[in-house]
Amino acid sequence: MAKAKPDGHTILLTPAAMIANAAFGVKVPYDIDRDLIPVIGFVDLPMLIAASNSAPFKSVAELIAWSKAELGRTVAYASAGVGSLTHLWGEYVKARTGMPLEHVGYKGSAEALRDVVAGHVPLFFDVLVPTATAIRAGQLSGLAVAMAQRSELLPGVPTVSEAGLPGMEGSVPFGISVPGGTPAPVVARLNAVFDEALADPSTRARLLGLGFVPIGGTPQAYAAVLATEIAKWRKVIKDPNIPPPS
């Protein structure tokens with residue numbers, strides 16, 4: 001996409017890997033600032049904390065109390081893989097709370113989910129979709145969703161603030177980008193069309209029902225989100241010296 005003709009006919013649904021790669025400084029065959037022009041924030045996919053049904057805790061408060069009672073015994077948590085945004089969010093929560101969490105990386109969310117459901121790993125730091133389905137089915141316990149408001153998919157699961165983790169919201173932001181050099185009027189037109197669609201009540205309801213949070217806004221607002229996210233995760237990576245994804 002970055003090398004495509006900059007005429008507005010080729011667009012990118014920006015993946016989470018692009019943010020992670022930029023935070024880690026991974027060498028990639030494009031320049032995120034030169035080759036990509038942000039158009040609009042599309043949706044956020046919130047993160048969550050879930051626990052195996054066999055775990056000795058059913059809430060964040062119980063997790064903290066259990067950890068203290070076990071004299072700092074480490075608690076293993078699964079994620080979709082080393083260097084994934086869910087892994088980085090787990091390390092962010094660990095740094096902010098001092099909980100003795102130990103990461104177990106998998107080759108994808110589905111593989112991690114299987115082991116947590118089976119009780120091999122007690123905790124799971126993942127995104128709302130599709131793990132919410134396992135929680136709704138009673139295969140996992142939902143401890144917290146990393147949102148400011150409760151999710152329509154999991155109305156019974158507290159937000160991170162309600163769970164005792166204020167300020168620890170986290171999500172995977174998806175946005176729309178176009179190749180560098182795309183004329184400003186084309187960027188403005190695409191932004192207007194996507195913003196109108198995201199403001200449509202039926203579209204918003206559909207996205208929220210699927211677990212996504214519609215965003216919208218200006219190109220500048222989405223560019224600011226990308227810069228903030230990259231800086232945030234870069235700091236999380238630096239302190240424990242987390243290796244880049246392989």
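The values are calculated or read from the model by the stated rules, or taken from the named source; none is laboratory data. Computed from a predicted model, the values in this text were never measured in an experiment. No Cβ is skipped: glycine too gets one built from the backbone with ideal geometry, and neighbour counts run over all protein chains shown.
Residues checked against (1) under 23 Å from the mean Cα position of the chain (by Cα); (2) among the basic types (Lys, Arg); (3) not in a loop (DSSP other than H, G, I, E, B):
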{"residue": "Ala4", "(1), (2), (3)": "no, no, no"}
{"residue": "His9", "(1), (2), (3)": "no, no, no"}
{"residue": "Met18", "(1), (2), (3)": "yes, no, yes"}
{"residue": "Val26", "(1), (2), (3)": "yes, no, no"}
{"residue": "Pro38", "(1), (2), (3)": "yes, no, yes"}
{"residue": "Asp44", "(1), (2), (3)": "yes, no, yes"}
{"residue": "Leu48", "(1), (2), (3)": "yes, no, yes"}
{"residue": "Pro56", "(1), (2), (3)": "no, no, no"}
{"residue": "Ala61", "(1), (2), (3)": "yes, no, yes"}
For this session: Within the stretch 123-146, track down each residue that is surrounded by fewer than 22 Cβ atoms within 10 Å (Cβ to Cβ) and of a type outside the set (S, T, N, Q).
Result: Val129, Pro130, Ala134, Arg136, Ala137, Gly138
Exercise. Is it the case that Thr203 is farther than 17 Å from Ile19 by Cβ and either in contact with a Ser or Thr (Cβ under 7 Å, 6 or more places away or on another chain) or not aromatic (Phe, Trp, Tyr) (or both)?
Worked result: yes
Exercise. Which helices (runs of 4 or more DSSP H) sit wholly inside the stretch 95-213 and have at least 1 residues that are among the aromatic types (Phe, Trp, Tyr)?
Worked result: 184-199
Seminar exercise, completed: Counting only residues in the stretch 63-90 that are part of a helix (DSSP H, G or I) and polar (S, T, N, Q), the one modelled with the highest pLDDT is identified as Thr86
Seminar exercise, completed: Counting only residues that are surrounded by 20 or more Cβ atoms within 10 Å (Cβ to Cβ) and under 23 Å from Pro15 (Cβ atoms), the stretch 106-119 contains a total of 4
For this session: Would you point out which residue out of Asp126, Asp115 is in contact with a Ser or Thr (Cβ under 6 Å, 6 or more places away or on another chain) and not assigned by TED's automatic domain parsing to the domain that holds Phe212?
Result: Asp126
